[in-house]
Every structure is written in C-alpha cells, then in structure tokens.
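Peer 1: My questions all concern the structure below.
Here, each number is a calculation from the coordinates, and none is a lab measurement. Given the structure is predicted, the values throughout are model-derived calculations rather than measurements. Cβ placement follows ideal geometry from the backbone for every residue including glycine, while neighbour counts extend to all protein chains displayed.
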Amino acid sequence: MKTRLSWQHLSAGYGSHQVLRGCSLDVAGGELVALLGSSGCGKTTLLKIIAGLLAPTAGDVCFNGSSVLNLPAERREVAMVFQKPLLFPFLNVLENVAFGLKMRKVPEPERTERARQALRRVRLEGFETRRPAQLSGGQEQRAALARALVTEPKILLLDEPFSALDEQLRADMRAFVRNLQQELAITTLFVTHDQQEAVSVADRIAFLASGEMLQVGPPRDFFTTPATPEVARFFGWMVLNGRSQEGIFTTPWGKWKLPASAGLATAVAFRPETVRVVAGTPDQNTLTGRIGTVIDFGIRLQVTVHLDDSHWIECHLPASEATAKLQRGNSITLEIPPETVRFFQD
C-alpha cells in the first residue's frame, strides 16, 4: 500500500533560533513533492523530523493518518539519501547496499539477492565487487540510492542528492530518479535549492522561506501565478516595489493601470520573456532605463536594464532585436503587457 504522509503545524528550532514555523502539508501516497527554498529555510530540518532524527517543538507527523512521533527512527521505515553518498570505503558496492539488511539480521542469502536486485534497479549490475573509490560521482549516488531502496521503505527522503555533481550528470540523475520513483510508486520528498531541479522531478513543489510554507502546487503554478513576491523572485519574475493611488500603480520608473482585483498593491511582477522594446514617449505599462549587459544565446537575447544606480531588471528578447541600438549605455523603453503582470499586496 502506498503511504500517505502528512505533517501539521510543525515547528522546530535550535536553541533560540526558530527554523520551522507552523508548517502543514498532505502528501499523497506515491507522490513526489519537492521541498524548495534557499539555504537555511528549514528544508533539511523538516526531513530530519520526518525521519525521526529530530523532535519538533510543536506539531505532528503522520503516516497513513497515524502519528509516528513516538516511533524511533529505526521503526519508521523511512530511507534517506544525503548530499554525499556516505558509502563505507572498506566495503565493496554489494556489501554497502546490503548493510542495512545485515543490521536487520536478514539471512545472508536473502540480503545478497535483494542487494543484487537493488543494484540492477539502479543499473549498477557488474559493479558489485568494486570499492566506492572506484566509482564515479553518479555511480556513487546510485549505489546510495540502491542502499536506501533495498530495505523497501515506506517513504524516501532525498536531501539535495545531486548538488555535488556536474550539470549534465545532475540532469541525467534527475531523469533517472524520477523514472525510478514513478516505477516504484514510493512516496518521496526531494529537498533542493535548485528551481530547475524541483520542476524536473516533482508532482508538486512546496516552497519554503524563513521556516514558512509560502506556496504549494504544481510546478507550472510558480511560473504563472506566484503567491508572494518572494516566490516570484525565486522563479525568475522581475519584482518592483511601488504604491497605488487612484487606480494607478506607480514606481519611479513606470506606471500601470490597476485592475479592480489588485486592491492597494505594493509590488508589481512580470516575467522577463514578456517584455517588448518600444519607441517613443513612455506611457503606462512601460519602464525606462539604460542598457547594461547584452548576452546573445542564439535564439534569444538576455538584456540587463539599469533603471537607476541601484535597481535593475532582466529581459529576454528575440534574437531579431539584435540591432545597433541595443548596445550598452543606450537608453531603452520597455513595454510590459498588462495581461502578463501580477500585483501583490502586503
């Protein structure tokens, strides 16, 4: 049976430092949820509480509706894969994978067969007798994943498992883990600070900041309907502060007509790919500034525009916009279509 995971009103800290503040979430059986946020936001602390390695100061953790807070870590049937593989250097790959079964006193023939099956599952058959030092970074992490899966856990916890790998290998491992997780239908939490990683693997993303869960939903929602300015910034939106008066939202560099639903907005956000270069006198829904850097990616241009000495935005323009006027130091007027803009209130 797939294990449903939930936590309610979780709070935790280290001494006087509060790390989690009343977090709640329900994770469906077989679902993969990415816990996303900057370093120090509480992601790893949350994993440790679920695994039984840390006690919360308030709240509860439930598997299939039953609290597990009184269960020790070894009885929760949770497996965790860390940033570093943490394989035993004096054991070969097969012995590393079988180690957890050995600690559970599983008979040697059975644990060897189960370890071999786990290695086949992560495509490491033929590596049984190698030592960890003889493996590549990706192979080490696959061995660590096999060691976690061999015990047939109810819940799999992945704590930034690919952060030490190069970009191409990270992409390969993300696809591998996602396919394996779907094949096994195991309830999984995947901790990362990498937006692309979260979008690549997750059914849903839970975004944390300063110990609070600011938004939970499918990856697409974070690109189309961010809930707060913090979420918007993290997902590449340009956010500018301003003020509302008589139906107009004003910043020092431009203004927008406020829709009725915006209320008294204090910030405006837009995506860099929706911006267009326009000529003539600035009007509503426009910004003015001076061009900073222009990076040509072949199919698009990434342009940094300085609004003043301390504020800048980034915009992505079609490669066809690469004209002589698009040079560093030139003034520029940008139009942001009002239908693509989001307003935020305090």
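Peer 1: Positive end of the dipole of the chain, charges at C-beta (+1 Lys, Arg; -1 Asp, Glu), about the Cα centre: which of 192, 148, 47 has its Cα farthest in that direction?
Peer 2: 148
Peer 1: A follow-up question, please. Identify all aspartates and glutamates with a Cα-Cα distance to residue 84 below 15 Å; exclude those on the same chain that are fewer than 8 residues away in sequence.
Peer 2: 140, 159, 160, 166
Peer 1: Now, a different point. Taking amide hydrogens as modeled 1.01 Å from N in the peptide plane, which residues meet the under 5 Å criterion relative to residue 248, leaving out close sequence neighbours?
Peer 2: For residue 248, whose amide H was placed from the backbone, the distant partners under 5 Å are 258.
Peer 1: Then there's this: So who's got an amide H within less than 5 Å of the one on residue 301, skipping anything under 5 residues away but keeping other chains? H placed 1.01 Å off N, in plane.
Peer 2: Here 317, 319 satisfy the definition.
Peer 1: Go ahead and estimate [θ] at 222 nm for the chain from helices alone: -39,500 (n - 2.57) per DSSP H run with n ≥ 4, summed, over the residue count, rounded to 500.
Peer 2: Computed ellipticity for the chain at 222 nm equals -7000 deg cm²/dmol.
Peer 1: Test of understanding: in a Gaussian network model of the chain with alpha carbons linked when under 10 Å, which of 109, 132, 259 would top the mean-square fluctuation ranking?
Peer 2: In the Gaussian network model the winner is 109.
Peer 1: Applying the Karplus parametrisation 6.51 cos²θ - 1.76 cosθ + 1.60 with θ = phi - 60° to the phi angles of the range 333-339, what ³J(HN,Hα) value in whole Hz is obtained for each residue in order, glycine and proline being reported as x?
Peer 2: 10, 10, 9, 10, x, x, 6
Peer 1: Within the chain, what's the longest run with no chymotrypsin sites (Phe, Trp or Tyr not before Pro) in a DSSP loop and at most 10 other beta-carbon atoms within 10 Å? Give the range, please.
Peer 2: By the stated rule (loop sites, at most 10 other Cβ atoms within 10 Å), 91-296.
Peer 1: Also, I was wondering about something else. Which of the following values of P(r) over Cα pairs in 10 Å bins from 0, in percent was calculated from the structure shown: (1) 5, 26, 36, 25, 7, 0; (2) 6, 25, 31, 23, 12, 3, 0; (3) 5, 21, 25, 21, 15, 9, 4, 0, 0?
Peer 2: Given (1) 5, 26, 36, 25, 7, 0; (2) 6, 25, 31, 23, 12, 3, 0; (3) 5, 21, 25, 21, 15, 9, 4, 0, 0, the structure-derived one carries the label (3).
Peer 1: Can you grab the distance from the C-alpha centre of the range 226-267 to the C-alpha centre of the range 84-136, Å, no decimals?
Peer 2: 54 Å
Peer 1: Structure shown: which of 102/154; 48/154; 43/105; 105/154; 2/105; 2/102 lie over 23 Å apart, alpha-carbon to alpha-carbon?
Peer 2: Violating the 23 Å limit, Cα to Cα: 43/105; 2/105; 2/102.
Peer 1: Separate question: Taking the chain as a Gaussian network, Cα atoms linked when under 10 Å apart, which of 215, 182, 195 shows the biggest mean-square fluctuation?
Peer 2: Maximum among the listed residues: 182.
Peer 1: Separate question: Treating only the Cβ of Lys, Arg, Asp and Glu as charged (+1, +1, -1, -1), what charge dipole size does the chain show about its Cα centre? Round to the nearest 20 debye. Kindly include the intermediate steps, with their values, before the conclusion.
Peer 2: Values: 38 positive and 36 negative charges, 155 e Å.
Charge dipole, the chain, about its Cα centre: 740 debye, nearest 20.
Peer 1: Enumerate the calculated ³J(HN,Hα) couplings along the range 152-167 in order (Karplus 6.51 cos²θ - 1.76 cosθ + 1.60, θ = phi - 60°), each rounded to whole Hz, writing x wherever the residue is Gly or Pro.
Peer 2: Once θ is set to phi - 60°, the couplings for the range 152-167 become 6, x, 6, 9, 10, 10, 10, 9, 6, x, 10, 5, 8, 8, 6, 4 Hz.
Peer 1: Out of 244, 16, 320, any idea which swings most in a Gaussian network model of the chain, alpha carbons joined below 10 Å?
Peer 2: Maximum among the listed residues: 16.
Peer 1: Given Cα pairs under 8 Å that are at least 6 residues apart, what percent is the relative contact order of the chain?
Peer 2: Contact order relative to length: 16 percent.
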